[in-house]
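Undergrad: Got a structure for you, questions after.
The values are calculated or read from the model by the stated rules, or taken from the named source; none is laboratory data. Since we're looking at a predicted model, the values are computed, not measured. Positions of Cβ are backbone-derived with ideal geometry, glycine not excepted, and every protein chain shown enters the neighbour counts.
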Amino acid sequence: MSRDDRPLPTQLQTAFDELQYPIEDEADFAVTFPSWSSTSFEAEGLSVRPSELYAMLPDDGFPYATAEDIVEDLLDELEYEA
């Protein structure tokens, strides 16, 4: 797998743009990452796997209607600042 050097928000947005919305639960989320163990997002010294991202999503965030909603919640949980 090639390294993605784009900023984390861009990597996440690209990954989640392809999901079928709304996202109701882990099963909907996991469809995007058929191999969770070999996928990771890396930027600015941070490395995180999809399973870790899912665990960060607040329970009250579901269902998610758009990729922007998911990315915003994840960046908040990561305390990410561009």
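Undergrad: Failed condition for residue 70, given (1) assigned to a loop (DSSP other than H, G, I, E, B); (2) modelled with pLDDT of 80 or more, with all others met?
TA: Just one mismatch for residue 70, condition (1).
Undergrad: Which numbered condition in (1) of a type in the set (Val, Ile, Thr); (2) at pLDDT 85 or above; (3) part of a loop (DSSP other than H, G, I, E, B) is the only one that residue 32 fails?
TA: (2)
Undergrad: Considering 80, 54, which residue is in contact (Cβ under 8 Å) with a residue 60 or more places away in the chain and over 14 Å from residue 14 (Cα atoms)? Give the derivation first.
TA: Numbers: 54 fails: in contact (Cβ under 8 Å) with a residue 60 or more places away in the chain.
On inspection, the qualifying residue turns out to be 80.
Undergrad: Now a separate question. Can you confirm whether residue 26 is more than 13 Å from residue 12 (Cβ to Cβ) and either in contact with a Leu (Cβ under 7 Å, 6 or more places away or on another chain) or free of Cβ contacts under 8 Å to residues at least 60 places away in the same chain (or both)?
TA: Details: more than 13 Å from residue 12 (Cβ to Cβ): yes; either in contact with a Leu (Cβ under 7 Å, 6 or more places away or on another chain) or free of Cβ contacts under 8 Å to residues at least 60 places away in the same chain (or both): yes.
Considered against the rule, which asks whether it is more than 13 Å from residue 12 (Cβ to Cβ) and either in contact with a Leu (Cβ under 7 Å, 6 or more places away or on another chain) or free of Cβ contacts under 8 Å to residues at least 60 places away in the same chain (or both), residue 26 comes out as yes.
Undergrad: Please indicate, with yes or no, whether at least one residue in the stretch 40-53 is modelled with pLDDT of 90 or more, surrounded by fewer than 16 Cβ atoms within 10 Å (Cβ to Cβ) and assigned to a helix (DSSP H, G or I).
TA: There is no residue in the stretch 40-53 that is modelled with pLDDT of 90 or more, surrounded by fewer than 16 Cβ atoms within 10 Å (Cβ to Cβ) and assigned to a helix (DSSP H, G or I).
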